[in-house]
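Beneath this line is the structure, given in structure tokens, with notes to follow.
Rule-based calculations on the coordinates, nothing more; no lab input. As the structure is a computational prediction, the values presented were derived from the model and not from experiment. Positions of Cβ are backbone-derived with ideal geometry, glycine not excepted, and every protein chain shown enters the neighbour counts.
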Amino acid sequence: MPNQVKLKIDGEYVEAKAGESVLDAARAAGKFIPSLCHVKGLTPVGACRLCMVEVAGIPRPMPACTTTVQDGMVISTVSEKLTRYRQMIMQLLLSERNHVCAVCVSNGSCELQDMASKLGVTHSEFPYRYPRLPVDASHPRFVLDHNRCILCTRCVRVCAEVEGANTWNIMSRGVTSMLAADLNGNWGDSETCTMCGKCVEACPTGALAVKGKAVEEMTKNTDAVSRLATARGGTQQ
Amino acid sequence: MKKVRLATTWLDGCSGCHMSLLDIDEGILKVAELADIVYGPLVDIKEYPENVDVALVEGAVSSVEDLEKVRTIRERTRIVVSLGDCAVTSNVPSMRNQCGVPAILERAYLENVTAEGQIPREVVPQLLPVARPVHDIIKVDVFIPGCPPSAQLILNCVADLCSGRMPEPSLRYKFG
């Protein structure tokens, strides 16, 4: 069939739909590939870099979520190098801002915290930056704590692609990048926010949370976001 | 078999990790078979001894006293263990790092007092500019994250270390 491609993942032959991402194909074949920025149904952006895999013939690792399957591709999802890189990425995520699990609303149900455990990260080899970052509590229903944000842009994408409100954006570059509501005003003053809360449900950490939640009280429903996104004919299946 | 010389200490932490250590309940008997506790808040020895085999360090390095302590511990210990999130990540003690020492001292000792406030300058050890994880200062051999790490996790690690093994990598560690 012209729509089917054959590739080899970790030594196994796998069939995939043309145009599908390596991540989707590998996961359909039962492979574990870690990711934090990927949400089924939203446009993949390769923001977290955790899903990187090795592609034969390409000297550097490629993010599985933004790499499209090709006929004859040979992929490794597991190697010492990948394990090491993924652990280093996790450590960079943890050391970049102020992730204090003990006092976080999402403690115990946080994708960042879970992923650190899954990847066997017990500490950060990189020095913590301890940046001074604001908390935006101006919204009547929700809170944004920049200390806990990993810039995965799930909120940006769900707001644009599912809700169609385009309230969230990323401003600045590199380590100074910040999530911004509208033109970097207070979230509570946003004229575009519909208060739907999908950004909160999509957020993998405690960065976006329902107001009034105490430590460990915030749980997210990312599956619901995926269902909505795919029901509306999301960009990925 | 010669008993392992085990030390425990806490720096800038809440003692919760030591509480979790005590939560091993009758597991302490197993530890007692394998090790002598030669130093720590639970024993009455003032000076950190020489020739310690395993040291469990709770808490972040926040003051000049902590700094001196961890350096002494490293000099006199074979295996140093960072026990709990404060030692491993600097955790809650690091939340002051963004503010600077003068601001937090003023907040604690001047703004928030009803009697005559004053910032302590004697006896109390001076704070470092930022609270840091233990491995920022000295080499750490084993990391046990968690706030606090569960009693079972601590027991497994301590039992492994006291039996001359490094803790099982399959043990499930978790921050927070």
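Points to keep in mind about this one:
- With θ taken as phi - 60° and the Karplus curve 6.51 cos²θ - 1.76 cosθ + 1.60 applied, the whole-hertz 3J(HN,Hα) list for region A:140-156 is x, 10, 10, 10, 10, 10, 5, 4, 9, 7, 10, 6, 6, 6, 4, 5, 4 Hz, x standing for glycine and proline.
- Secondary structure note: in the protein assembly as shown, about 55% of the DSSP beta bridges are antiparallel.
- Net length gained if the chain between B:VAL101 and B:GLU47 were fully extended (0.36 nm per residue, minus Cα distance): 16.6 nm
- Diffusion constant of region A:105-231 at 10 °C, which comes from Stokes-Einstein with the Kirkwood Cα-pair radius and 1.306 mPa s, µm²/s: 104 µm²/s
- Counting charges near A:VAL210 (Lys, Arg +1; Asp, Glu -1) among other residues having Cβ under 9 Å from its Cβ returns a value of +2.
- Rounded, prolate or oblate (a/c below 1.5 giving rounded, otherwise prolate when a/b exceeds b/c) for region B:1-82 by Cα gyration tensor: oblate
- Leading residue at positive end of dipole, region A:4-78 (Cβ point charges), from A:VAL14, A:GLN70, A:SER35: A:SER35
- For region A:13-67, the equivalent ellipsoid derived from the alpha-carbon gyration tensor has semi-axes of 16, 15, 10 Å in decreasing order.
- Dividing the convex hull volume of the alpha-carbon atoms in chain A by its residue count gives 130 Å³ per residue.
- Cα-projected label distance for A:MET195 with B:ASP36, points at 7 Å along beta-carbon direction, nm: 6.8 nm
- The charge dipole of chain A, taken about its Cα centre with unit charges on the Cβ atoms of Lys, Arg (+1), Asp and Glu (-1) only, comes to about 240 debye.
- Other residues with beta-carbon under 10 Å from the beta-carbon of B:PRO145 carry, at +1 per Lys or Arg and -1 per Asp or Glu, a net charge of 0.
- Sites B:ASP136 and A:THR68 - FRET efficiency at Förster radius 51 Å, r taken between beta-carbons, to 0.05: 0.75
- Rounded FRET efficiency, nearest 0.05, which uses the C-beta distance separating B:MET1 from B:VAL64 and R0 of 56 Å: 0.90
- Alpha-carbon centroids, region B:121-176 and region A:68-111: separation in whole Å: 22 Å
- For the protein assembly as shown, the ratio of Cα radius of gyration to the globular rule of thumb 2.2 N^0.38 Å stands at 1.12.
- Peptides B:81-87, A:21-27, ordered by how many other C-beta atoms sit within 10 Å of their residues on average, highest first, read B:81-87, A:21-27.
- Backbone phi angles across region A:41-58, fed through the Karplus curve with coefficients 6.51, -1.76 and 1.60 (θ = phi - 60°), yield HN-Hα couplings of x, 9, 4, x, 10, x, 7, 8, 6, 5, 7, 4, 10, 9, 10, 4, x, 10 Hz in residue order; Gly and Pro are listed as x.
- Using θ = phi - 60° in the Karplus curve 6.51 cos²θ - 1.76 cosθ + 1.60, the 3J(HN,Hα) couplings for region B:132-143 round to 10, x, 4, 6, 6, 9, 10, 6, 10, 8, 9, 10 Hz; x is entered for Gly and Pro.
- Remark: region A:105-231 carries a charge dipole of roughly 160 debye about the Cα centre, counting +1 on each Lys and Arg Cβ and -1 on each Asp and Glu Cβ.
- As computed over chain B, the Cα convex hull volume per residue (Å³): 129 Å³
- Sites B:SER15 and A:LYS118, calculated FRET efficiency, Cβ-Cβ separation with R0 30 Å, nearest 0.05: 0.50
- Spin-label pair A:VAL175/A:THR222, simplified geometry with 7 Å Cα→Cβ offset, distance in nm: 2.7 nm
- A:LYS17 paired with B:ASN112, simple spin-label distance in nm, labels 7 Å along Cα-to-beta-carbon: 5.6 nm
- Of all DSSP-defined beta bridges confined to chain B, some 15% are antiparallel rather than parallel.
- Environment charge of B:LYS2, counting only residues whose C-beta is closer than 11 Å and scoring Lys/Arg +1, Asp/Glu -1: 0
- Mean Cα-pair separation over length for chain B, i.e. relative contact order, pairs under 8 Å, 6 or more apart, %: 28 percent
- The protein assembly as shown: calculated mean residue ellipticity at 222 nm from DSSP helix runs of at least 4, using -39500 (n - 2.57): -7000 deg cm²/dmol
- Sorting the segments B:107-114, B:1-8 by their residues' average number of neighbouring beta-carbon atoms within 10 angstrom, most packed first, yields B:1-8, B:107-114.
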